[in-house]
Structure formats: C-alpha cells, structure tokens
Amino acid sequence: MAIVSANDVFYVFLFLVWFLTVLLVHSLIKACFKLKPRSKIPPPPSPPALPFLGHLHLIGPILPKSLQGLARNHGPLIRLRLGASSCVVASSASVARELFKTQELNFSSRPEFGSSEHFIYRGSRFIMAPYGDYWRFMKKLCMTRLLAVPQLESFLDVREEEVERLVRSVIESARGGKVSDLSKELTTFTNNVICRMVMSTRCSGTANDAKEINKLLKACLELAGKLSVGDVLGPLRWFDFSGNGKKLEAALGEFDRIVERIMKEHEEKLISGAVTERKDLMDILLETHNDPTAEMKITRKDMKSFILDLFMAGTDTSSAAMQWAMAELINLPEAFKKLRDEINSVVGPTRLVRESDIPNLPYLRAVIRETLRLHPSAPIIIRECREDCSVNSYLVEAKSRVLINVYAIMRDPEIWTNPDEFLPERFLESSGEKIGEHQMEFKGQNFRYLPFGSGRRGCAGASLAMQVMHPAIGSLVQCFDWKMMEGEEAVDLSHGPGFAAEMAKPLVCYPIVHANPLAN
C-alpha cells in the first residue's frame, strides 16, 4: 500500500493555494477589463454561486439534463459561471426564436473553447469559424456542390450497398446465435458511408488508411471531450497537466499525414485524367483549391480541416441517433410492430427498404423525427454574442458564450404533450400536436423542434443524415426481431455523460431473422 508522506501533503497544499490564487487573479483581471458604464438592462438571473467554483456544484454528469433542471428553477435565460468560464444558457423556444431569428446575425458565430489551442487546423475549422467571408464561402460550397442534392444522389448506390452490408453482418450474427453489438455495427455503417463519399474508400475491410482514420477520429473525439473541461481551469489549461493536449496533437498530426497522402493520390488522378464522372468530396475540394476563378482561395489546411469536421460531426452523431431509435423501438413492441406492418405493406418481403420508399413510409419518418426530438445529436448548440444586446429583457454582453439547450426545448411540457415519452404518432398528420410538414424539413423555423439547429449555422449535413438513417432503421426492423440479453427486460435508456447524446451502455441484443430479402 502506498504511503503518503508529509512532504507530499505539503506540496499538494501549496499547489491548491497557487491554483486558487491564479484563479482569483484571473477573475480580478477580467473584472477590471470589463469595467464599463452600468447598463440599465439587468443581466440574466444566476443561481447562488460558490467562490472560485461558481456553479460547478450544480452541474451533474449529464450536462443537458443539469441545465434543464436549472432552467426550471431560475428561468429560460440564466447566467452561469463554471470555474474560470462563464456562459448564458437559453432553454425555451421563445428565447431560441430571438437568438436564431430576431437577432440571428448577432449570434451567428461560434466561440473557441476547451481544446481549440491543441487543434492543428485552428483558424481553418468550418464548423467553429467566426461568421465571415471564409465561413460564407464554405457554406455556399456545401450547399451548391459538396452536400448538394445532385452530389448526394450520385452516391445513392454507395448508401444502398452499405445498408446491405449492415444487414448481412447482422444476419451472420443471428445465424451463429451470437449477440449483435448495434453500437459498433451502426458506427461502422455510418463511417463507411462517409469514407466512401469523401474519399472513395471504406473504413472497414482492406483499406488500411481508412481504418486508421477511423481509429484516429475516435481518439480525437474522446480527447477533445476531455479537453473541453479545460475551460473550467481558465489560463491553467495551457499547462496540459493531463497530457491529453499532446495526445490530441499527435493524433491530429497522424490524421494530417494520412489525408495528405490520400489527397496526393487524388491529385495524381486529376492530372492523369483518371477521375471518373462521379467525383467524391475530396475531388471537389481539390478542384476548388485549384480554381483560379473561385471567390476565395482555400488551402490544403482548409480542406483537411473540412474533412475532419465532416467526420467528427457526421459519424458518431448519426450512429448515436440510430442506436436510440432501435433502443426505443425494441422497448415499445407496439411501435415496432406498427413500423414493420407499414414496411411490409409498402415494400414487401422481397427487397430492402430504399430511400425512394421513404415518402411512402410516414410512420418511419415519424420514428426518426421523434428519436431526434428525445435524443438530439447535438443537445446543446453553442453560439457567441457579437455585440451587447437585450435578450428576453436581459443584457447579454459581447463575447458571451450562449448555450442553447435544445434538449430542454424539445422536452418542454408547455409545448409538447407527454414530452418524455417516445410517441412517433405526434409527428403524423392526424396528430393533435399539429406539427406540420414545414417542421419535418428540419429547417428549425418553429423553434420548438431544433434537432439540426436553425438559421445560417444550422447543420449543413442534415439531408445526408436523414438519407442515412431512414433506410438503415427500416431494414433492421424489416429483417429482424430482437431479443434482450439474459437477465435484461428492456434496453437501458440511460444517457452517457457530458455534452454528447450517446447511450450510457452499448446497444447489444440477440438478432433473430424475421425476413431475408437478400436471399431472393
């Protein structure tokens, strides 16, 4: 057993004194620099805080739920201090409307936070870029080429092939009497789709580069999540006590080397004229990079950063949403049967669900929409205020970080009936919720349903996410019954910790083949 010496205790005590002193000095310096004429508009209300810690003692492991609880007690717009960091939290549809519509331009930028100093692509990140020329150019490129409808349609066969691979993999588990880890299966599925659309290679199989990228992305997501806590430490985060910053830089460096090699391979094909009619996203980025008439010159760093953002924002989020959909359906046999009956009546038993079937499968669409309401892929949207302004009759100062808790908004009992229950029927035309087709386009214009954000900074990949999710969930319901692990009566629907929306436990069940369209 380890023995703690008096010297060790003394050094720990000195460190704590030094740590608290630095925090105090930092807070005083910030307060001095912020001195300005007192505004007649009051700041948002704030719960009682502790010295140095601020409101950290009020935050539980699941951040969206903690913020939801604070909003219920202190109002839809509150101010919090988390160690050395502070923020404003919005938790109602009316406040979201003010931020996303009435004052959209003032809240169109995203702040850097946590691990930003360790990102080798800092300054080139599309997702985190301030609202300006670079962001506008990349958003336009996404909408007109990279993620435009014709580009997505050109990869329809890729998405169909990957759905078929997913079903075959689960069938193999079922025939062997083995459990199926749907968490891994669905993550592999989404990774493969995005890898093939971005660089024409799969993230599983024989492509070692793609497999390595997949591994590096997982490491980056995990390390970035840990480092985001660094905001609590203020200037002390630069010391990188945990070493996670160096690990993140190493992982990103390896990602950069692999993507640079793949980019050179694409460039060689462009030079030799070997590029096929169907261009992947890397081909389009390279074309734009080499186009002398382009509105803006994008660099290799910009291209690599965009690819990283696409992977980080698009793989685990879609996979998590599909895991939640399957978990909710398995726990509700009536909903599961209703969806299967709809698929059988429209698609039949001889082929898998296709994207072209989706308009004729309203209950499948409702299942996906209800899943995203209860379990949004981005439960908290982060924005930055550009100028002092009044929101909900309170002062929000320039440079304030604003957290919009869409998790709380989409579970608000004042605007949703039985908000914590999984009820896909609420999204059907016959529903008393009266949600309407405009809401189902995920534009975020009614501000009580915001799974992909709203306005200029709404998710550019929403259409791709929907194209990926519907056929996959439809095929897993069409082809399989699902049996719980021994000793379990239902799927555990507990949320994982932190910002994200993942399930606390992997979704592992026994698949039983109900129908096999691939055998025909």
request  = Working only within region 319-343, note down all residues that are farther than 15 Å from THR187 by Cβ, out of contact with any Leu (no Cβ under 6 Å at 6 or more places or on another chain) and of a type in the set (Phe, Trp, Tyr).
outcome  = none
Condition met for LEU329 (assigned to a helix (DSSP H, G or I), in contact with a Phe, Trp or Tyr (Cβ under 7 Å, 6 or more places away or on another chain) and farther than 24 Å from GLY496 by Cα) = no
message = Which residue is nearest to the chain's Cα centre (by Cα), if the candidates are limited to region 427-453 and must be more than 29 Å from CYS509 (Cβ to Cβ) and at pLDDT 90 or above?
response = GLY453
Residue list for region 361-389, restricted to those being in a helix (DSSP H, G or I), of a type in the set (A, V, I, L, M, F, W, C) and under 18 Å from the mean Cα position of the chain (by Cα) = ILE368, LEU372, LEU374
query = Only one of PHE119, PHE100, PHE155 is out of contact with any His (no Cβ under 6 Å at 6 or more places or on another chain), closer than 18 Å to LYS304 by Cβ and among the hydrophobic types (A, V, I, L, M, F, W, C); which?
reply = PHE119
ask   = What number of residues in region 288-319 are within 14 Å of MET199 (Cα to Cα) and either aliphatic (A, V, I, L, M) or exposed (fewer than 15 other Cβ atoms within 10 Å of the Cβ) (or both)?
value = 4
task = Please enumerate the residues belonging to region 451-507 that are in contact with an Asp or Glu (Cβ under 8 Å, 6 or more places away or on another chain) and among the aromatic types (Phe, Trp, Tyr).
result = none
request  = Would you please list the contacts, defined by Cβ atoms under 9 Å and residues six or more apart or on different chains, that run from a residue in region 154-176 that is more than 14 Å from VAL468 (Cα to Cα) to a residue that is assigned to a helix (DSSP H, G or I) and of a type in the set (Lys, Arg)?
outcome  = none
Residue in region 406-415 that is touching a residue at least 40 places away in the same chain (Cβ under 8 Å), of a type in the set (A, V, I, L, M, F, W, C), assigned to a loop (DSSP other than H, G, I, E, B) and within 30 Å of GLU104 (Cβ to Cβ) present = yes
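The values are calculated or read from the model by the stated rules, or taken from the named source; none is laboratory data. Quick caveat, the model's predicted, so the values are computed rather than measured. As a convention, Cβ positions derive from the backbone with ideal geometry for all residues, glycine included, and neighbour counts pool all protein chains shown.
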